[in-house]
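The values are calculated or read from the model by the stated rules, or taken from the named source; none is laboratory data. Owing to the predicted nature of the structure, the values given are computational and were not obtained by experimental measurement. Backbone-built Cβ (ideal geometry, glycine too); neighbour counts: all protein chains shown.
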Amino acid sequence: MSDATSPDLTIDPKTTALVLIDLQNAIVSRDVKPYPASEIMQQGRSLAEAFRAKGAPVIYVHVLIDNFLQLQIDEPLQLPKDLPPSMNDIADGAGMQPGDLLIAKRHWGAFAQTNLEQELRTRGVKTVVLAGIATNLGVESTLRQGTGLGFSFVTVEDACSTFTQEMQDFAFKVIFPRISKVRTTAQVLAAIG
């Protein structure tokens, strides 16, 4: 990861959007690592406030858990039986505001079978700053799909979390530097000014 000043990171609010993955009630209630969900929501709020202040799009993505696309896989999604009706709602602590976009997805990645690509292209977005839960599921799937569509990405390490430290380390040390710039919340905030 680049040093704290990160001189090679510039963010043009006219062509950059913030996309926050799955900061919803059912997901933020999970035990995630290395950062607790409350910290991920705080980092996401800070990023969203900075992007809004510069007029850059802020997009929250949530998965419709009760309508999750079931495929033939070895480990199907196991849902607890006692999920509340508000499980798909963006968590209060995530900081969503009127004017932010909300994208509903039915699988891991935010581009598959959604209008996210269209929303970004309509706004002239070329670069996506990406964060959320879980690092190597929703975040990584979105990152991989988006790079395939030609978007550049900045993935925010301390604004992402998953289920083990090893999973986080593998994503941010092995995979993400090859398909995005990897930065911290502080570096992104400094770059957007």
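Being more than 18 Å from Asp100 (Cα to Cα), hydrophobic (A, V, I, L, M, F, W, C) and out of contact with any Gly (no Cβ under 8 Å at 6 or more places or on another chain) is a property that holds for Val32. Just a yes or no: is a residue in the range 123-131 within 17 Å of Thr16 (Cα to Cα), basic (Lys, Arg) and not in a strand (DSSP E or B)? Yes, that holds for at least one residue. Do you know which residues across the range 104-126 are buried (at least 20 other Cβ atoms within 10 Å of the Cβ) and touching a strand residue (DSSP E or B) at 6+ places or on another chain (Cβ under 7 Å)? Within the range 104-126, Lys105, Ala110, Leu116, Leu120, Val125 meet the criteria. Within the range 121-151, restricting attention to residues that are of a type in the set (Gly, Ala, Ser) and over 14 Å from the mean Cα position of the chain (by Cα), the residue that is nearest to Val28 (Cα to Cα) is Gly148. Look at (1) surrounded by 23 or more Cβ atoms within 10 Å (Cβ to Cβ); (2) modelled with pLDDT of 95 or more and you find that Val63 fails only one, number (2). The single condition among (1) basic (Lys, Arg); (2) buried (at least 17 other Cβ atoms within 10 Å of the Cβ); (3) more than 14 Å from the chain's Cα centre (by Cα) that Lys173 does not meet is (2).
Across the range 150-162, the number of residues qualifying as out of contact with any helix residue (DSSP H, G or I) (no Cβ under 6 Å at 6 or more places or on another chain) and of a type in the set (A, V, I, L, M) comes to 1.
Residues that are at pLDDT 95 or above and of a type in the set (Gly, Ala, Ser) do occur in the range 13-31, at least one of them. Residue pairs whose Cβ atoms lie under 6 Å apart, sitting 6 or more positions apart in sequence or on different chains, and linking a residue in the range 168-193 that is over 21 Å from Pro57 (Cβ atoms) to a partner that is of a type in the set (A, V, I, L, M, F, W, C) and part of a loop (DSSP other than H, G, I, E, B), are Val182/Met1. Inside the range 176-193, can you point out the residues that are outside any helix (DSSP H, G or I) and either touching a helix residue (DSSP H, G or I) at 6+ places or on another chain (Cβ under 7 Å) or buried (at least 17 other Cβ atoms within 10 Å of the Cβ) (or both)? Selection gives Ser180, Lys181, Val182, Arg183, Thr184.
Considering only residues in the range 3-24 that are within 15 Å of the chain's Cα centre (by Cα) and farther than 23 Å from Arg121 by Cβ, the one that is surrounded by the most Cβ atoms within 10 Å (Cβ to Cβ) turns out to be Leu23. Scanning the range 82-122 for residues that are outside any loop (DSSP other than H, G, I, E, B) and at positive phi yields a count of 0. Condition (residue is among the aliphatic types (A, V, I, L, M), assigned to a helix (DSSP H, G or I), out of contact with any His (no Cβ under 7 Å at 6 or more places or on another chain) and over 17 Å from Pro36 (Cβ atoms)) applied to the range 147-169: is it met by at least one residue? No; the residues of the range 147-169 include none that is among the aliphatic types (A, V, I, L, M), assigned to a helix (DSSP H, G or I), out of contact with any His (no Cβ under 7 Å at 6 or more places or on another chain) and over 17 Å from Pro36 (Cβ atoms). I'd like to know if the range 155-163 contains one or more residues that are surrounded by fewer than 23 Cβ atoms within 10 Å (Cβ to Cβ) and either more than 15 Å from the chain's Cα centre (by Cα) or without any contact (Cβ under 8 Å) to a residue 24 or more places away in the chain (or both). Within the range 155-163, one or more residues are surrounded by fewer than 23 Cβ atoms within 10 Å (Cβ to Cβ) and either more than 15 Å from the chain's Cα centre (by Cα) or without any contact (Cβ under 8 Å) to a residue 24 or more places away in the chain (or both).
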